[in-house]
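S.K.: Let me begin by handing over the structure; questions about it come next.
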Amino acid sequence: MSSGTRLLIIDDDPDFVDAIRSILEGAQYEVDAAYNPKDGFHALQSQHYDLLLLDIMMGRGAEGIMLARKLRKDPKLSQIPVLIITGIREQIAFLFPDQPVHPHLVPVDELVEKPVEPGLLLERVNALLQAAEARKARSSQRENPW
Amino acid sequence: METKSKILIVDDEEVVLDSCTRMLESGNYQVATASDANRGLELVREFGPDLVFVDLKMPGKSGLELLEDVRTVDATIVPIVITGYATVSSAVDAMKKGAYDFLPKPFTPDEFRLITQRGLEKRKLVLETLALRREKEILRRNFAAIVSHELKAPLSAVQQSLYVLAGELAGHVTEDQESRLARMKSRIDGLLKLIQTWLRVISADIGKIKESFRPVSVQLAISNAIENVLPLAARKNIEIVSAVPDRAVCVYGDEGTLGEALVNILSNAIKYSHAGSKVLVAAEETEARVSISVSDKGVGISQEDLPFIFDGFYSGKSAPDAERGCGLGLAISRRIIEAHNGTISVESEFGEGSTFVIRLPRLEGAPQTPPSENAGIREEAPKGGLE
């Protein structure tokens, strides 16, 4: 299911993006990259992506989280699967003082830590895509989702 | 110093005010005077002095009262009392109330200037200490974010590229080259882990683990920890003997971090043991507590090291060089145990070995019921997803 599947990476570290991109392209995904949340959001609005790989700590803080919140509120983008890639698993907790350690930022997300083993990355990406596929199939089967 | 030091003198005797002002004229000072405590207090607020000289005996409000007022306005102002009685007891009283020094009347210009100098130095130290403390607090608060981003990000990027490179080169490199790649990966891994560990020590939020507290079996925690360190023990041919009660003993805690603490203590015991010796792990329960002890017959800890071993970045001098770590294991363990409302202590004889004891509140009754003080944070993380 890789070929024709479009992924977007939003991460402000070009070296990291390069490495991730080459892993994903090696698995026949089509990959675009944005190096800041603003460009990333713009890309999401103007083109269709099957999955977003999102860094948390960008710019002057956890701008990735701001972006995720924007996605959640956007009716068109709220269903896109998001793989959060972060170097600060535990520190994310700081941003949500009253919440459990791993809050879900969008309805569908998964989290991996930087650096991520290529095998694990591909596995998570694939799992998220398949789950999204299954959801889509379910909701098109039923006229009334609930 | 660029700005003039501000000195306020409060005395009901005009002649004292005048002469003091004159004595300071030659120096780089800005002087204000008041002839009673009320005016003095006003000037403390308006003039913002570095140093206040206060006559203890004044009509109306006393000098001692003024000292207390000064303290509430700005505790960094250095107060010095002038005492006409020259009685030691009134000066001592004043010093007890926070006066930094005292000036007995009559005094010579040299005495006065000397005490002024000393007082200003004190003021400088007080301000510096405050600034440092503030800086430290800011650093501590921001450190987690700074360290994680500024140090971890580049390392992660390097490691990520290495993963890719290793994949791309697979089958095209010699065995030597492959092992070099593997060593690079493992060294970077080590560094990443060190940063992560360090973050855990300094981050203020180890209390977060309380959110995932649930009943934890002590036996299970111990056997998991032993399993974890077995390879390390095997390398030095060390036998780990465990003596735990048959009856299930539970504590209320976080399995992951408790295990981490146990593994830290156990690996230390192994590290500092002589090859071929034994490490004993025992658990005992009393009515209220569970204590877990780890004893070794290793190198021990010297008396001079003992008080510091739970502080971060302290790796004992008695440690064999090859075994010297980053000195964080015990600091982390202590933070973990303290977050569990427990204590960790050590007894050691240099050259004879060490015994570490972890004491934790025992969980009574049905394992499903958390202690009442934790009832408010019993909410569990939402199901699914992030493991």
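S.K.: Report the GluC sites (Glu not before Pro) located in segment B:1-69 that are in a DSSP loop and have at most 11 other Cβ atoms inside 10 Å of their Cβ, or state none.
M.R.: When the GluC sites (Glu not before Pro) of segment B:1-69 are filtered for loop state and at most 11 Cβ neighbours within 10 Å, B:2 remain.
S.K.: For a footprinting-style exposure proxy, rank B:348, A:140 by other Cβ within 10 Å, fewest first.
M.R.: A:140, B:348
S.K.: Now for a separate question. Please rank B:83, B:343, fewest neighbouring Cβ atoms within 10 Å first, as an exposure proxy.
M.R.: B:343, B:83
S.K.: Test of understanding: ordering B:116, B:108 by Cβ neighbours within 10 Å, fewest first, what list do you get? Walk me through the numbers before you get to the answer.
M.R.: Working: B:116 25, B:108 9.
In order of increasing Cβ crowding within 10 Å: B:108, B:116.
S.K.: Using the basic label-point model (7 angstrom from Cα toward the beta carbon), what is the residue A:123 to residue B:308 distance in nanometres?
M.R.: 4.4
S.K.: Among the chymotrypsin sites (Phe, Trp or Tyr not before Pro) within segment B:35-127, which fall in a DSSP loop and have no more than 12 other Cβ atoms within 10 Å of their own Cβ?
M.R.: Loop-located and lightly packed - B:85.
S.K.: Which of the lysines could be linked to residue B:96 by a straight reach, that is with a Cα gap under 28 Å, when you skip same-chain ones fewer than 8 residues away?
M.R.: B:6, B:57, B:61, B:105, B:122, B:124
S.K.: At residue B:182 and residue B:134, where each label point lies 7 Å from the Cα along Cα→Cβ, what is the point-to-point distance in nanometres?
M.R.: Modelled inter-label distance: 5.4 nm.
S.K.: Could you calculate the FRET efficiency of residue B:191 with residue B:241 from 1/(1 + (r/R0)^6), where r is the beta carbon distance between them and R0 is 30 Å, rounded to 0.05?
M.R.: The formula returns an efficiency of 0.30 here.
S.K.: Roughly how many whole Å is it from the C-alpha centroid of segment B:239-318 to that of segment B:9-71?
M.R.: If you average the Cα positions of each part, the centres end up 60 Å apart.
S.K.: Using the Cα centre as the reference, give the magnitude of the dipole from point charges on the C-beta atoms of segment B:5-107 (Lys, Arg: +1; Asp, Glu: -1; all else neutral), rounded to the nearest 20 debye.
M.R.: My answer is approximately 240 debye.
S.K.: Could you give the length gained by full extension between residue B:350 and residue B:121, i.e. 0.36 nm per residue of separation minus their alpha carbon distance, to one decimal place?
M.R.: Extra length from residue B:350 to residue B:121 when fully extended: 78.1 nm.
None of the figures in this text is laboratory data; all of them are computed from the coordinates on show. Here the structure is a predicted model, which is why all the values come from computation and not from measurement. Cβ atoms come from the backbone with ideal geometry, glycine included; neighbour counts cover every protein chain shown.
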